[in-house]
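Here is the structure we will look at, set down as structure tokens.
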Amino acid sequence: MYWNSRQVTEKRTLPFAASTRDTARAALGVAAGKVERLAEQHPDYFPLYTHEGRWKHGKESWTNWCEGFLGGQMWLFHELGLGDQWRARAEHYSVLVEQRQHDRDVHDLGFVLCPTWQKWAELDGGTEQKKVVVQGGRTMALRLNDQGGFLRSFLAPDSNFIDIMMNIGIIALAALETGDDNLMAIARRHCDTTRKYLVRGDGSVSHEGIYDLGTGEFLRQTTQQGWRNDSSWARGLAWSLYGFTSMYALTGDTHLLRTAIANADYWIEHTQADPVPPNDFDEPHPTRPWESSAAACAAGGLIMLAALVEDDTLAQRYHRHAETTVRRLCEPLFLGIDPAWEGVLKHGSYHERKGLGVDESVMWGDYFFVETLARVVRG
Ligand code: GLY
């Protein structure tokens with residue numbers, strides 16, 4: 001989600017095979033049909049995950065972080081020319097989340113406001129839209145634990161989530177828009193702290209870090225959604241890979257690029273047999289073989305990284321793996337072609353430990369799948 005505001009020039013644009021682009025175009029048609037149906041059947045409703053393939057159910061959310069992903073898909077459908085209806089819908093679903101710019105309860109304002117208001121700002125060059133993003137960045141920056149040098153997660157003041165790497169970009173965007181160096185310093189501190197304590201030597205990541213609230217000292221790695229505290233939760237790695245790549249693009253800091261490369265190399269080494277990983281790379285006998293939303297996000301991160309790295313061989317490797325992943329996710333096993341299934345991408349999982357949205361469609365999985373497909377068809 002570095003959008004158009006990158007500080008680093010892309011080194012290359014690598015082509016996708018014509019057959020992959022055709023497959024992606026067809027999958028985008030399926031996705032647009034699913035979102036159309038959801039918007040018509042349940043107007044102004046923001047689901048998180050399906051239950052037995054249906055979006056509307058009364059199950060627990062844990063936290064409210066997915067409200068930008070519907071509007072985000074609509075903006076992409078509009079940008080790709082998939083129908084005249086999408087522009088007004090995208091604006092409407094963006095307006096529905098406008099007040100989240102002041103939301104201090106979640107660490108997810110990048111997820112909420114970048115696919116919607118940042119995208120809108122970039123398509124229209126609108127200053128009013130940019131103000132929403134800037135305020136969202138300022139609100140996020142209030143989460144800083146100054147002693148520990150990290151933004152606290154929604155869960156507790158001593159907790160830093162790897163997921164925040166996907167949201168820290170909104171602070172960088174606000175800093176670039178306003179020239180506020182303090183905002184940029186906060187964003188970079190969070191990245192440095194996360195690199196130091198949550199990213200491991202082999203390129204895998206911990207989901208969560210816990211800090212001493214008195215001193216700011218880092219205490220331990222933990223997890224909420226992975227298998228164990230010392231294991232590698234697949235979506236967390238995808239968040240890190242995509243997030244560090246975005247932050248490199250927004251800052252030009254090569255430390256962040258090196259971290260993204262370490263994440264990408266771990267990802268590729270561990271997804272050779274199947275580009276779609278299970279929920280956790282380390283779980284000896286995963287109960288379910290796939291967590292497709294992680295693959296959708298990682299593929300988008302790999303496409304961005306392939307455009308940014310200096311080394312052509314590395315770039316080819318990332319690009320090829322992303323293409324293989326896209327083709328896999330477009331297979332009937334993963335693409336919700338069946339009209340009875342309301343989501344786009346099947347076999348995602350939200351929270352295995354809590355039993356929420358397990359082996360279902362998940363709203364961020366659908367968004368990052370559509371975003372990645374859009375990257376493929378744009379070429
Ligand atoms: N906590 C956000 C996620 O499920 O990835």
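Shape of region 174-276 from the C-alpha gyration tensor: oblate (a/c of 1.5 or more and a/b not above b/c, with a ≥ b ≥ c the square roots of its eigenvalues).
By the rule of a C-alpha distance below 17 Å, with chain neighbours fewer than 8 residues away ignored, the aspartates and glutamates paired with K196 are D146, D158, D163, E208, D212, E217, D230, D253. Placing a pseudo-label 7 Å from each Cα along the Cα-to-Cβ vector at K59 and T9 gives an inter-label distance of 4.9 nm.
Search the structure for amide H atoms under 5 Å from the amide H of Q7, placed 1.01 Å from N in the peptide plane, and list their residues when 5 or more places away or on another chain. Amide H neighbours of Q7: L250, T251, G252. Restricting attention to the chain, close to 100% of DSSP beta bridges with both partner residues there are antiparallel.
For region 1-117, what does the alpha-carbon gyration tensor say about shape, rounded, prolate or oblate, given a ≥ b ≥ c as the root eigenvalues, a/c under 1.5 as rounded, and a/b over b/c as prolate? Oblate is the answer for region 1-117, as a/c is 1.5 or above yet b/c matches or exceeds a/b.
Spin-label model, Q99/Q316: points 7 Å from Cα along the beta carbon direction are separated by 5.4 nm. Stretching the chain fully between H51 and N229 yields a gain of 61.3 nm (0.36 nm per residue, less the alpha carbon separation). Set the bar at 20 Å for Cα to Cα. Now go through K34/K346; K59/K354; K59/K346; K11/K119 and name every pair that lies beyond it. With Cα atoms farther than 20 Å apart: K11/K119. Rounded, prolate or oblate: which fits the chain when a ≥ b ≥ c are the square roots of the eigenvalues of the alpha-carbon gyration tensor, with rounded for a/c under 1.5 and prolate only if a/b beats b/c? Taking the square roots of the gyration eigenvalues as a ≥ b ≥ c, the chain is rounded. Cα centroids of region 1-26 and region 314-344: 15 Å apart. Under the simplified labelling scheme, the D124-E331 pair shows an inter-label distance of 4.2 nm, with each label point 7 Å from Cα along Cα→Cβ. Looking at region 299-379, the GluC sites (Glu not before Pro) that sit in a DSSP loop and have at most 13 other Cβ atoms within 10 Å of their own Cβ are E310.
Helical runs (DSSP H, four residues minimum) scored at -39500 (n - 2.57) apiece and divided by the length of the chain put the mean residue ellipticity at 222 nm at -16000 deg cm²/dmol.
Distance from the Cα centroid of region 84-126 to that of region 152-212 is 22 Å (rounded to whole angstrom).
Every number in this text was worked out from the coordinates using simple rules, so none of it is lab data. All figures in this text were calculated on a predicted structure; none of them were measured in a lab. Glycine gets a Cβ as well: all are built from the backbone with ideal geometry, and neighbour counts include every protein chain shown.
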